[in-house]
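Colleague: Structure provided below as structure tokens; questions to follow.
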Ligand code: GLA
């Protein structure tokens with residue numbers, strides 16, 4: 001299924017390096033069933049890896065200290081010396097990779113020369129975590145090729161650290177975790193505090209999960225993501241000053257939050273209120289998903305959208321319009337903005353028999369109001385990062 005992407009990446013490698021790649025790796029994007037912005041607040045999340053990938057074609061270069069990347073989709077290259085310390089550069093895509101290298105170097109791990117070409121089917125800036133796939137894909141490659149003995153958890157944490165230190169986005173761990181730990185047909189219930197996790201099969205029989213891409217692009221470096229995190233940190237500080245015995249953010253009650261409302265100010269209050277409600281919803285959504293209660297799951301999705309739009313304020317006119325209009329259609333059980341927000345995709349739970357009509361109607365309405373052609377992705381829940389070898393996956 002990924003043949004086209006793999007061939008394209010292979011050709012890019014051949015034309016750039018005039019040689020044959022020795023390995024192929026596929027790093028997936030992710031969806032999230034429920035639990036937005038709670039991953040940096042001790043919450044639970046419900047992500048899953050999807051069948052959209054960054055493909056890396058790789059060749060180890062013995063006796064070389066140079067690692068070169070060719071980003072086929074940007075038609076851009078970058079080389080660095082693997083024995084030297086690296087600092088952020090002006091190309092953002094490079095920083096995701098250098099940040100990974102830096103985090104690995106800090107752990108005292110040594111790598112050698114590499115030639116890499118990569119290309120992607122994960123749309124960028126659409127809330128499907130192309131960044132996590134890039135970071136964690138590179139971390140996985142280094143671990144695999146140079147036998148670094150890093151665990152899967154470490155790979156996810158290295159990806160997150162790269163984003164914090166070299167890119168400047170204070171993201172949580174959900175995206176990296178999903179890209180590394182994804183499993184075919186399985187949703188991950190992840191405790192973002194302990195990183196304990198379990199898998200379960202999503203039961204949405206008779207319904208489809210569709211992504212509608214608003215094509216409003218964002219990067220969390222400028223989107224307001226870090227501002228939201230600051231609002232939340234301010235709220236947490238006030239809460240913990242008043243209730244120092246509480247261990248995890250999710251253990252604060254609504255009445256505790258109300259007690260410190262004036263002190264933390266309205267903005268932080270709204271953010272924290274949303275978070276406590278959302279953490280609560282994830283538990284219910286996990287149960288609904290595993291029991292196949294699609295009506296209730298849809299209801300929870302609608303509540304999440306409303307919270308993200310009015311309390312956490314990470315939606316935008318285009319996504320609010322899209323979700324509102326989608327919910328008016330027959331057979332739509334739930335719809336909400338997905339991921340960090342400020343653009344990107346909505347995730348929609350729609351009865352199978354109504355899918356085509358909904359797509360047709362929403363595409364037309366969205367175009368009429370915003371003059372933008374909406375994109376539709378029917379994604380499959382898939383495995384996490386893998387080496388790809390002669391039509392089979394090798395862990
Ligand atoms: C982005 C971040 C994640 C998470 C989501 C919102 O995707 O990278 O860590 O916070 O936004 O749920």
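Colleague: Return a whole-number percent for the relative contact order of the chain, with Cα pairs under 8 Å and 6 or more residues apart as the contact set. Write down the numbers at each step before the final one.
Modeller: On the way: 817 pairs, mean separation 88.8, N = 395.
Relative contact order for the chain comes out at 22 percent.
Colleague: Cα axis of helix 152-162 to longest principal axis of the chain: angle in degrees, 0 to 90, nearest 10?
Modeller: 90
Colleague: Separate question: For the chain, find the longest principal axis of its Cα atoms and tell me its angle to the long axis of helix 355-370, 0 to 90°, nearest 10.
Modeller: For 355-370 against the chain, the angle is about 90 degrees.
Colleague: Continuing with this model, one more query. If neighbour count is taken as other Cβ atoms inside 10 Å, put 213, 62 in order from fewest to most. Walk me through the intermediate numbers first.
Modeller: Working: 213 22, 62 6.
Arranged by neighbour count, lowest to highest, 213, 62 become 62, 213.
Colleague: Using the alpha-carbon centroid of each, what span in Å lies between the stretch 28-73 and the stretch 226-279?
Modeller: What the calculation gives is 31 Å, centre to centre.
Colleague: When only C-alpha pairs under 8 Å and at least 6 residues apart count, what is the relative contact order of the stretch 70-199, in percent? Working shown, then result.
Modeller: Working: 145 pairs, mean separation 32.5, N = 130.
Relative contact order here is 25 percent.
Colleague: Where in the stretch 317-351 does the label zone of residue 208 land, with the point 7 angstrom along Cα→C-beta and an amide N cut-off under 13 Å?
Modeller: Of the residues in the stretch 317-351, 332, 348-351 have backbone N under 13 Å from the label point off residue 208.
Colleague: Here's a follow-up. Out of every Cα pair in the stretch 34-175, what percent are spaced more than 22 Å from each other? Spell out each step's value before the answer.
Modeller: Working: 3565 of 10011 pairs.
Result: 36 percent of Cα pairs exceed 22 Å.
Colleague: Could you pull out which residues in the stretch 293-315 have an amide N less than 14 Å from a spot 7 Å beyond the Cα of residue 324, following the Cα-Cβ vector?
Modeller: Within reach of a label on residue 324: 306, 309-310, 315.
Colleague: Can you give the FRET efficiency to the nearest 0.05 for residue 380 and residue 241, using r as the Cβ-Cβ distance and R₀ = 45 Å? Can you show the working numbers first?
Modeller: On the way: r = 47 Å, r/R0 = 1.03.
Using R0 = 45 Å, I get an efficiency of 0.45.
Colleague: In nm, to one decimal, how far is the modelled label at residue 4 from the one at residue 83, with both set 7 Å along Cα→Cβ?
Modeller: Going by the 7 Å Cα→Cβ label model, 4.4 nm.
Colleague: P(r) of the chain in 10 Å steps, Cα pairs, percent per bin?
Modeller: Percent of Cα pairs in each bin: 5, 23, 31, 25, 13, 3, 0.
Colleague: Order of 240, 93 from fewest to most other C-beta atoms within 10 Å?
Modeller: Numbers: 240 15, 93 19.
If I rank by nearby Cβ atoms, fewest first, I get 240, 93.
Colleague: For the stretch 238-395, max minus min Cα coordinate along each principal axis, in Å, sorted largest first?
Modeller: Extents along the principal axes, in whole Å: 53, 47, 29.
Colleague: Run the simple label-point estimate for residue 277 and residue 259 please: 7 Å along Cα→C-beta, distance reported in nm.
Modeller: The modelled label-to-label distance comes out at 2.2 nm.
Colleague: For residue 15 paired with residue 373, estimate the spin-label separation in nm (one decimal), with each label point 7 Å from Cα along the Cα-to-Cβ line.
Modeller: Using points 7 Å along Cα→Cβ, the separation is 2.3 nm.
Colleague: I'd like the FRET efficiency for residue 62 and residue 92, computed as 1/(1 + (r/R0)^6) with the beta carbon distance as r and R0 of 35 Å, rounded to 0.05. Please list the in-between numbers first.
Modeller: Numbers: r = 31 Å, r/R0 = 0.88.
Computed FRET efficiency for residue 62 and residue 92 comes out at 0.70.
Colleague: May I pose another question? Going by how many other Cβ atoms sit within 10 Å of their own, how do 338, 374 line up, fewest first? Each step should come with its number before you reach the end.
Modeller: Values: 338 28, 374 20.
Fewest-to-most Cβ neighbours within 10 Å comes out as 374, 338.
Colleague: A further question on this structure: Please report the antiparallel percentage of the DSSP beta bridges confined to the stretch 50-140, to the nearest 5. Please list the in-between numbers first.
Modeller: Details: 14 of 19 bridges.
Rounded to the nearest five, the antiparallel share is 75 percent.
Colleague: Compute the relative contact order of the stretch 1-84 as a whole-number percentage, counting only Cα pairs closer than 8 Å that sit 6 or more residues apart in sequence.
Modeller: Values: 106 pairs, mean separation 23.0, N = 84.
Worked out over the stretch 1-84, it gives 27 percent.
Just so you know, all these numbers are worked out from the coordinates, no wet-lab data involved. Model, not experiment: these values are computed from the prediction. Cβ: placed from backbone, ideal geometry, glycine included. Neighbour counts: every protein chain shown.
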